Amino acid sequence: MTPAAPVDWDALREAARDAMSRAYAPYSGYPVGVAALVDDGRMITGCNVENASYGIGLCAECGLVSQLAATGGGRLTHFTCVDGAGAVLVPCGRCRQLLYEFGGPELVLETPDGLRTLDEMLPQAFGPQNLG
Ligand code: THU
């Protein structure tokens with residue numbers, strides 16, 4: 001078996017920054033970009049898209065999971081999120097749940113404190129395993 005190629009976190013972060021540059025965040029003034037690797041090797045991205053009805057704005061992760069499904073599905077393996085300055089950001093609580101659905105506890109996230117598994121970021125997660 002060929003060993004898995006090392007993950008290029010710099011490239012993943014750059015893709016997240018590129019997505020962030022296209023965020024639509026006129027209300028919060030807080031653009032966010034995300035990027036993830038899928039288990040088939042493709043890279044997907046997302047940016048936040050807000051709305052005049054503030055509470056229904058979409059986090060960047062919403063766009064990411066939509067792109068995941070729209071481009072063929074699969075499992076998320078590695079994920080990063082950046083703020084408007086391009087600095088690594090932790091995903092909000094709700095978005096950890098979104099990531100759990102498609103990456104599970106082993107998903108590796110970049111955080112300001114280094115790499116963490118989703119199990120560390122969302123311990124004792126509720127997920128598909130809880131539903132019959
Ligand atoms: N935001 C995201 O897009 N993802 C996160 O994980 C954190 C928060 C967005 C939502 C809102 O458009 C803006 O950041 C400020 O909360």
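In table form, for the structure just shown:
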| item | result |
| --- | --- |
| Residue list for segment 105-128, filter: in a strand (DSSP E or B) and surrounded by 11 or more Cβ atoms within 10 Å (Cβ to Cβ) | 108, 109, 110, 111, 115, 116, 117 |
| Qualifying residue in segment 84-104 (condition: touching a strand residue (DSSP E or B) at 6+ places or on another chain (Cβ under 6 Å), surrounded by fewer than 20 Cβ atoms within 10 Å (Cβ to Cβ) and more than 28 Å from residue 25 (Cα to Cα)) | no |
| Near pairs, Cβ below 6 angstrom, 6+ apart or cross-chain, from segment 43-55 (within 19 Å of residue 91 (Cα to Cα)) to any residue that is among the β-branched types (Val, Ile, Thr) and not in a loop (DSSP other than H, G, I, E, B) | 46/34 |
| Residue within segment 53-69 that is surrounded by 19 or more Cβ atoms within 10 Å (Cβ to Cβ), of a type in the set (Gly, Ala, Ser) and under 22 Å from residue 21 (Cβ atoms) present | yes |
| Residue within segment 47-68 that is part of a strand (DSSP E or B) and of a type in the set (Gly, Ala, Ser) present | no |
| Residue match in segment 116-126 (condition: touching a residue at least 12 places away in the same chain (Cβ under 8 Å), within 15 Å of the ligand (Cβ to nearest atom) and aromatic (Phe, Trp, Tyr)) | no |
| Flag if residue 94 is free of Cβ contacts under 8 Å to residues at least 24 places away in the same chain and not hydrophobic (A, V, I, L, M, F, W, C) | no |
| Verdict on residue 81 being surrounded by 11 or more Cβ atoms within 10 Å (Cβ to Cβ), part of a helix (DSSP H, G or I), modelled with pLDDT of 95 or more and not polar (S, T, N, Q) | no |
| Given (1) more than 8 Å from the ligand (Cβ to nearest atom); (2) in contact with a Lys or Arg (Cβ under 9 Å, 6 or more places away or on another chain), number of the condition residue 59 does not satisfy | (1) |
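The values are calculated or read from the model by the stated rules, or taken from the named source; none is laboratory data. The structure presented is a predicted model; accordingly, all values stated were derived computationally and were not measured. For neighbour counting, all protein chains shown are included, and Cβ atoms are generated from backbone atoms with ideal geometry for every residue, glycine included.
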